[in-house]
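Chemist: Let me give you the structure first, and then I'll get to my questions.
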Amino acid sequence: PSPLQRSGGPGHSDCSPLPLPAGHLPALRTQDEGTISKPQQIITHLRKQKYNADYDLSATQSADTLAFVSLLEEKLLPVLIHTFWVDAKNYVEHTRKWYAETIPFPLNFFLPNAMHKRHLERLQLMWGDDYMEDEEKLEKELYREARECLTLLSQRLGSQKFFFGDSPASLDALVFSRLAPLLKAKLPNGKLQQHLKSLQNLCNYCTSILSLYFPWDRGDPLTGAPRAAGTDGSEAEEDPHKRRKQLLSVLVGLAAMLGYAFLSGIVSIQRGSVGPAGRQPVTLEEEEEEEEE
């Protein structure tokens, strides 16, 4: 079951973006509104269904949530995008490599580059068109602000289990989604990662959430290993679209190979009509042979 299901909400866990209309995650399939792919729209939909993680928060705590969400989006998110997608060493040795190994063939050949381009455009919208003029100075300033943001989060969390006590709220979900990849990734250039690891309570916070809601990510062989086909007769129930995904992957692979063959000139199509006396049109190669003779 997905974390949403364990929290009492409806949901189906699917890590593949292939069958989704928008082509990316997160996504929530609903009966009334179809597939919702924007996080804020998903949250709004769940709240309409009376699944609200912030139901018990006071007015002050709700105001704190808005303030920290704004802080994370403005100060931390751009630097995270830069760390994983713009920093050349991190992107080549970690990010692109990880996605290429995880995304099924043949999508792994072009999806990482498409995602890279999309993140660059997103970062340009955040920082403006002139951020490339003095990138080193801007990068230094932004990393300083991101470190200050992590320090503020650490101070706000203190020794609590979650930001507002013993129960998680929407702020915990957002903070965890930003910090856990940074903490767990094996980055060759980890300037911001080193600062995060120096804040012990944030590290313990991420580890605690991983153990509570994502136990398979901690190396448990019973939950982390994939089940063998037919072991309990429920393989089709776990992934009803598996056969369709496999067929689609094969078709896309064939189309990609044929396209490459045509573009590279390995395969060509010659169109011509039969001559007056039933003689086939003379090709360029045959003309060259006749001239040599």
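Chemist: How much length is gained if the chain between Tyr143 and Gln155 is pulled fully straight, taking 0.36 nm per residue apart and subtracting their Cα-Cα distance, in nm to one decimal? Walk me through the numbers before you get to the answer.
Modeler: Working: separation 12, 0.36 × 12 = 4.32 nm, distance 1.85 nm.
That works out to 2.5 nm of additional length.
Chemist: May I pose another question? How much area per residue is accessible in the range 70-190 when the probe is 1.4 Å and only protein heavy atoms are counted (Å²)? Mind showing how you got there, number by number?
Modeler: Details: 6660 Å² over 121 residues.
That works out to 55 Å² per residue.
Chemist: Classify the range 55-150 as rounded, prolate or oblate, taking a ≥ b ≥ c as the square roots of the eigenvalues of its Cα gyration tensor: rounded when a/c is under 1.5, otherwise prolate if a/b is larger than b/c and oblate if not.
Modeler: Numbers: a/c = 2.52, a/b = 1.45, b/c = 1.74.
Note, shape of the range 55-150 comes out oblate.
Chemist: Oh, and also: Out of the total accessible area of the range 57-187 (probe 1.4 Å, heavy atoms of protein only), what percent is carbon and sulfur? Please report the intermediate quantities before stating the final value.
Modeler: Values: 4040 of 7290 Å².
That fraction is 55 percent.
Chemist: For Asp54, list long-range residues whose amide hydrogen, built 1.01 Å from N in the peptide plane, is under 5 Å from its own amide hydrogen.
Modeler: Ser170
Chemist: Strictly over 32 Å apart at the Cα level, which of Lys89/Lys197; Lys97/Lys161; Lys117/Lys186; Lys48/Lys191; Lys117/Lys137 would you flag in this model?
Modeler: On the way: Lys89/Lys197 20 Å; Lys97/Lys161 34 Å; Lys117/Lys186 22 Å; Lys48/Lys191 41 Å; Lys117/Lys137 23 Å.
Cα-Cα > 32 Å for Lys97/Lys161; Lys48/Lys191; rest within.
Chemist: Based on the alpha-carbon gyration tensor of the range 155-214 and its eigenvalue square roots a ≥ b ≥ c, which shape applies: rounded if a/c is under 1.5, prolate if not and a/b is larger than b/c, or oblate?
Modeler: On the way: a/c = 2.18, a/b = 1.63, b/c = 1.33.
Since a/c reaches 1.5 and a/b is larger than b/c, the shape of the range 155-214 is classed as prolate.
Chemist: Computed FRET efficiency, Cβ-Cβ of Thr102 and Ala63, R0 25 Å: what is it to the nearest 0.05? The partial results should precede the final answer.
Modeler: On the way: r = 39 Å, r/R0 = 1.55.
The value I calculate is 0.05.
Chemist: Could you derive backbone 3J(HN,Hα) for the range 94-103 from the dihedral phi with the Karplus parameters 6.51, -1.76 and 1.60 (θ = phi - 60°), listing whole Hz in sequence and x where the residue is Gly or Pro?
Modeler: 10, 5, 5, 5, 5, 5, 5, 7, 9, 6
The values are calculated or read from the model by the stated rules, or taken from the named source; none is laboratory data. On a predicted model such as this, the values are computed, not experimentally measured, just so you know. For neighbour counting, all protein chains shown are included, and Cβ atoms are generated from backbone atoms with ideal geometry for every residue, glycine included. Note: accessible area is taken over every heavy atom of the protein model, side chains too, but ligands, DNA and RNA are not part of it. Shrake-Rupley method; radii C 1.70, N 1.55, O 1.52, S 1.80 Å.
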